[in-house]
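Please read the structure below before turning to the comments.
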Amino acid sequence: MQVLYNSTRSTGDAVTASQAILKGLSDDGGLFVPDHIPALDKSLEELSQMSYQEVAYEVMKLLLTDFTEEELKKCINSAYDSKFDTEEIAPLVEAEGAYYLELFHGSTIAFKDMALSILPHLMITSARKNNMQDEIVILTATSGDTGKAALAGFAGVEGTRIIVFYPKNGVSPIQEKQMITQKGDNTLVVGIYGNFDDAQTGVKQIFSDKELAKEMAEKGFQFSSANSINIGRLVPQICYYVYAYAKLLKEEKITAGETINVVVPTGNFGNILAAFYAKNMGLPIGKLICASNDNKVLYDFFSTGTYDKNREFMLTSSPSMDILISSNLERLIYRIAGNDAAKY
């Protein structure tokens, strides 16, 4: 059954997965969400015998339904290749009674590599599928990890340019050096005076500027995003939760159907939302534990039911979590509101 994508903010026409990936953000400023979340169609036992690439295909085929098998497998195999420094793309390691999925073996040593390695391939394939001739200009705000991973992913990709906006004093020195030394004629990095929320708000305002979009289209350009607001970035994140469960099952650490809890350090809420989608696809997840730092806007929201972004912004040693406006929370609220934009 085909999965189409709606905006969280309107009841307008649904779009295909490839169209949602190309647009990044809906015209009304909403985020694209699937009209339904399909169930996994392979058993947990079957998944436990698969490689990371095979699991990724079994998950993504259910949500990116306008991609052919050949297209999707080509994207997956192009992304998850020798650029990772371990033979196993995402090793699962046990320490002190807990299991840790190592997502830092990509080219930029950040978990964002897992999704941003495949996004350029999904985007270029989407452009071909929709007969798009315009050059794609990726606009991305970063609190550290996403910027370098996105730059590395899109560097040298024909038909794309990427501009990354980051808070000048809000990322680690190493992350800043990683970004400003990125090679590639199609890459550009902009440091802003402000925090990540300011950068993200600015990017969203650019996306919602219809006059600017028209002017850019006349010059042969179309904006898109590499943040987790792009569904093409979010869907690949679902895969590693399914893979982690399958790996635990294969190693007989759990039995099929046994419930696990998932802990995710959280900033923009994309990674833990992917775990929530995996649970909705049938993965036996019990609790989703949203870990925060001093910028505990999400902790306070889940504790009190009130989302209060008007608070002091704290610079911490975990800048990727220094966020007060968690964009992907909109997708969760939309779903628990019954996929009703009016209620949201």
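Things worth noting here:
- Top-ranked residue of the range 25-36 - restricted to ones that are modelled with pLDDT of 95 or more, assigned to a loop (DSSP other than H, G, I, E, B) and in contact with a Leu (Cβ under 8 Å, 6 or more places away or on another chain), ranked as surrounded by the most Cβ atoms within 10 Å (Cβ to Cβ): 31
- Selected residue [surrounded by fewer than 19 Cβ atoms within 10 Å (Cβ to Cβ) and either small (Gly, Ala, Ser) or at pLDDT below 95 (or both)] from 134, 197, 145: 134
Yes/no matrix, rows are residues, columns are (1) surrounded by fewer than 24 Cβ atoms within 10 Å (Cβ to Cβ); (2) in contact with a His (Cβ under 9 Å, 6 or more places away or on another chain); (3) farther than 16 Å from residue 42 by Cβ; (4) among the small types (Gly, Ala, Ser):
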residue	(1), (2), (3), (4)
229	no, no, yes, no
236	no, no, yes, no
241	no, no, no, no
244	yes, no, no, yes
251	yes, no, yes, no
255	yes, no, yes, no
259	yes, no, yes, no
262	yes, no, yes, no
266	no, no, yes, no
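- Against the criterion of being part of a helix (DSSP H, G or I), basic (Lys, Arg) and farther than 18 Å from residue 19 by Cβ, residue 253 does not qualify.
- Any chance residue 19 is farther than 24 Å from residue 131 by Cα and either at pLDDT 95 or above or among the hydroxyl-bearing types (Ser, Thr, Tyr) (or both): no
- Residue within the range 51-58 that is more than 27 Å from residue 9 (Cα to Cα) and of a type in the set (A, V, I, L, M, F, W, C) present: yes
- Flag if residue 274 is in contact (Cβ under 8 Å) with a residue 40 or more places away in the chain and not in a loop (DSSP other than H, G, I, E, B): yes
- Residue 219 vs. criteria basic (Lys, Arg) and closer than 22 Å to residue 159 by Cβ: yes
- Within the range 305-338, restricting attention to residues that are in a loop (DSSP other than H, G, I, E, B) and under 20 Å from the mean Cα position of the chain (by Cα), the residue that is surrounded by the fewest Cβ atoms within 10 Å (Cβ to Cβ) is 318.
- The residue that is nearest to the chain's Cα centre (by Cα), counting only those in the range 59-88 that are touching a residue at least 40 places away in the same chain (Cβ under 8 Å) and assigned to a loop (DSSP other than H, G, I, E, B), is 64.
- When residue 184 is tested against the conditions (1) over 25 Å from residue 26 (Cβ atoms); (2) surrounded by 17 or more Cβ atoms within 10 Å (Cβ to Cβ), the lone failure is (2).
- Number of positions in the range 37-78 that are in contact with a His (Cβ under 6 Å, 6 or more places away or on another chain) and either farther than 25 Å from residue 227 by Cα or buried (at least 17 other Cβ atoms within 10 Å of the Cβ) (or both): 1
- Pairs where the first residue, in the range 17-38, is on the phi > 0 side of the Ramachandran plot and the second is among the β-branched types (Val, Ile, Thr) and at pLDDT below 95, C-beta under 7 Å, 6+ apart: 24/229
The values are calculated or read from the model by the stated rules, or taken from the named source; none is laboratory data. Bear in mind the structure is a predicted one, so any value in this text is a computation, not a measurement. In this analysis, Cβ positions are derived from the backbone assuming ideal geometry, glycine residues included, and neighbour counts consider all displayed protein chains.
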